[in-house]
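Bear in mind these aren't lab numbers, they're just calculated from the coordinates by the rules spelled out. If you're wondering where the values come from, they're calculated on a predicted model, not measured in any experiment. Cβ atoms come from the backbone with ideal geometry, glycine included; neighbour counts cover every protein chain shown.
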Amino acid sequence: MGLQEADVDRIAAQFVEARRAAKALDAFPGTLPATLADAYRVQERAIALSGRAVVGWKVAGIRPDLRDHLGANRLAGPILAGSVLRLPNGGTAQAPVFTGGFAALEAEFVAVFARDLLPVAGAFAAESITAALSGLHAGAEIASSPLATLNDLGPTAVVSDHGNNAGAVVGPEVAGWREADLGALTSRMSINGSVVGEGSAANVMGGPIAALQFLAEQLATRGRHLRAGDIVLTGMTTGIHQVVPGDRGRIEFSSAPACNIEVLGATPTGL
């Protein structure tokens, strides 16, 4: 039996309120959803309660040992208005995270849509997805939740709390991304001056376009679609690098100027 509507409302409301107040949670606020379907119900309710527009999405892989049980290889979460940091020429951005909660930086390729993406003959082909993009950019996810143990609790917890997303850095467009091999689209993350991970677009299962295909199909089950102007974090390339306020990250991608991220403690938003 799935979550009752009252449980969905309670979980969503407590996550939204904790985010507004920038206050850490001691435990998951209610019964942990047993299925991704229930977790997405919580996510949809949280989006509605937030009062903020969805300006994009994040995609993340699900651990291989959980995929059969959950019936999915990936999960998705919303990126809300006011949380996108744009560095088209590189430079430095300041990113708030939840003090006492979970916080990490992840180097990711960020897709930017030039037009709405709708199915053709009921399907989302790689060619139509690529054609709908204005570019693939260097970037990073600001992964953060008021609940420090969110990732440890698993994918249904992550989906329930905005996909564990607190924002996105959209850096310069990666030159030649349409023609390049995935392995040639490299990335590197440093924290406080030390390299903590190196990777490439090949580290994203099937590549960034496969992540977008999953997202388009998942959103369609919710009566949603990718829209012109949406940004999508397509998945980590160098690992999940936990941070605390005061840390400084640096992302370096092939053929793109570097971006620096100063990690700050979140403050109450009043939203």
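Report the paramagnetic label zone for residue 65: residues of region 137-160 whose backbone N is under 13 Å from a point 7 Å from Cα along the Cα-to-Cβ axis.
The answer is 154.
Before rounding to the nearest 500, sum -39500 (n - 2.57) across all DSSP H runs of length at least 4 in the chain and divide by the residue total; then give [θ] at 222 nm in deg cm²/dmol.
The per-residue figure over the chain is -7500 deg cm²/dmol.
Tell me, what is the FRET efficiency for residue 198 and residue 81 to the nearest 0.05, using R0 = 35 angstrom and their Cβ-Cβ distance as r?
It comes out at approximately 0.60.
Using 0.36 nm per residue of separation minus the Cα-Cα distance, give me the extension gain between residue 267 and residue 31 in nm, one decimal.
Between residue 267 and residue 31, full extension yields 82.2 nm more.
With the dipole of region 5-265 worked out from charges on the C-beta (+1 for Lys and Arg, -1 for Asp and Glu) around the Cα centre, which of 139, 150, 184 lies farthest toward the positive end?
The residue sitting farthest along the positive end of the dipole is 139.
Fully extended, how many nm does the chain gain between residue 179 and residue 121 (0.36 nm per residue separation, minus their Cα-Cα distance)?
18.3 nm
Using a simple spin-label model with points 7 Å from Cα along the Cα→Cβ vector, what separation in nm is obtained for residue 228 and residue 149?
In this crude spin-label approximation the distance works out to 4.7 nm.
Semi-axes of the equivalent ellipsoid for region 53-196, please: Cα gyration tensor eigenvalues, times 5, square-rooted, ordered largest first, whole Å.
Equivalent ellipsoid semi-axes, largest first: 24, 22, 16 Å.
What is the extension gain from residue 220 to residue 53, computed as 0.36 nm multiplied by their sequence separation minus the C-alpha to C-alpha distance, in nm to one decimal?
Additional length available on full extension: 58.3 nm.
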